[in-house]
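The values are calculated or read from the model by the stated rules, or taken from the named source; none is laboratory data. Worth saying up front: this structure is predicted, and the values here are computed from it rather than measured. For the accessible areas, the whole protein counts, side chains as well, though only heavy atoms, and no ligand, DNA or RNA atoms are used. Shrake-Rupley method; radii C 1.70, N 1.55, O 1.52, S 1.80 Å.
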Amino acid sequence: MIEYRGVWKQFGDDSVLSGVDLTVKEGETLVLLGPSGTGKSVLLKHAIGLLTPDRGDVIVDGISIPRATPEELKRVRRRIGYVFQNAALFDSLTIARNLALALDTEGNERPLAAVRPEVAELLRRVNLDEDVLDRYPAELSGGMRKRVGVARAIASRPRYVLYDEPTTGLDPVNAETIDGLIVELAEELGVTSIVVTHDLESAFQVGDRVALLTEGRLRACGTPEEILASEDPVVQRFMHRRFGTAAAQ
Ligand SMILES: Nc1ncnc2c1ncn2[C@@H]1O[C@H](COP(=O)(O)OP(=O)(O)O)[C@@H](O)[C@H]1O
Ligand SMILES: [Mg+2]
């Protein structure tokens, strides 16, 4: 379970989160929507302790992230896969090495040759060919790097996955592959996840529940049906703008 309890976060004079309450249940896929710059990435980063709240608490798997000891934080982070918005691969390492690092989270690094089959299998899941193994991140397109980022996040079979815009910039076929993977991980492994996206179609496809973050608060949170039926004008406007006529049906 991932629980945000009254989370406040400010950068200088800029108030980003103003009391966010959100519970993501075990095995649930929660999609987080919201305008750019509204604090979606900031919210995700609180769940792995990359940012700490000014007020409030974030509890993952029973551990308060802001109050965790370094050991606790390390332990809980091992159970969380994080897809960074910008992929955040190691530029000086090949794709194979980037993924091998993520496979050996226990610190017992195996030789590259030993993990190569596992690495190739991870790439297959995100629809990438083995020929990218020996290339460097800079030699791949943005969309390919993004998919390597997804492969890396799921490498250690995490119980929780936080996806920050996993399909932004992908062509429709690859976006569908990633959406399919998100659903597969939830169904087969019971993964609990938060998916930040701008793609409403995929949001309603992968999300058990959908939340809308605006002006530092959760404006709405519910099943796709509930969100589409919402009479809140802010919710309606957001859905119409991004979803065209479908939301009106
Ligand atoms: N580490 C940081 N230091 C200062 N400001 C930040 C930091 N991270 C995010 N912000 C600011 O917080 C706001 C929300 O950012 P972000 O969560 O990245 O938005 P988005 O919803 O697009 O993911 C933005 O105004 C951004 O500039
Ligand atoms: Mg973001």
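Taking amide H as placed 1.01 Å from N in the peptide plane, the amide H of residue 19 sits under 5 Å from that of 7, 8, 9, each at least 5 places away or on another chain.
Each residue of the stretch 129-139 is assigned a 3J(HN,Hα), and the resulting list reads 7, 4, 5, 7, 3, 9, 9, 9, x, 5, 8 Hz, derived from the Karplus form 6.51 cos²θ - 1.76 cosθ + 1.60 (θ = phi - 60°), x at Gly and Pro.
Scattering from the chain was approximated by placing one identical point on each alpha carbon and applying the Debye formula without solvent; log10 I(q)/I(0) at 0.09 1/Å stands at -0.39. Whole-percent P(r), the stretch 45-158, all Cα pairs, 10 Å bins from 0: 14, 41, 29, 15, 2. Pairs of Cα atoms nearer than 8 Å and 6+ residues apart set the relative contact order; for the stretch 35-77 it is 29 percent.
Between the amide H of residue 82 and those of 162, distances stay under 5 Å, these residues lying 5 or more places away or on another chain, with hydrogens modeled in the peptide plane. Principal axis extents of the C-alpha atoms in the stretch 1-98 (largest first, rounded to whole Å): 41, 30, 27. The relative contact order of the chain, computed from alpha carbon pairs under 8 Å that lie at least 6 residues apart in sequence, is 26 percent. Both radii come from the Cα set of the stretch 150-249: Rg as radius of gyration, Rh as Kirkwood radius; their ratio Rg/Rh reads 0.98. Relative to the globular-protein estimate of 2.2 N^0.38 Å, the Cα radius of gyration of the stretch 15-66 stands at 1.13. The aspartates and glutamates whose alpha-carbon is closer than 18 Å to the alpha-carbon of residue 9, local same-chain residues fewer than 8 away aside, are 21, 54, 57, 215.
Beta-bridge orientation, the chain: approximately 55 percent antiparallel, per DSSP, counting only bridges with both partners inside.
Separation of the stretch 73-124 from the stretch 133-158 is 9 Å, based on Cα centroids. Candidate membrane-span-like segments in the chain, meaning DSSP H helices with Cα atoms spread over at least 15 Å of their own axis and a Kyte-Doolittle mean of -0.5 or above, are 112-125, 142-154, 172-189, with no membrane implied.
Apolar share of the accessible surface for the chain: 47 percent from carbon plus sulfur atoms, 1.4 Å probe. The solvent-accessible area of residue 237, taken with every protein chain present and a 1.4 Å probe, is close to 150 Å². If you count only protein heavy atoms with a 1.4 Å probe, what accessible area per residue comes out for the chain, rounded to a whole Å²? Heavy-atom SASA per residue in the chain reads 48 Å². Residue 146 sits with roughly 20 Å² accessible to a 1.4 Å probe, with DNA, RNA and ligands left out of the calculation.
Using a probe of 1.4 Å on the protein chains alone, the accessible area found for residue 228 is around 60 Å².
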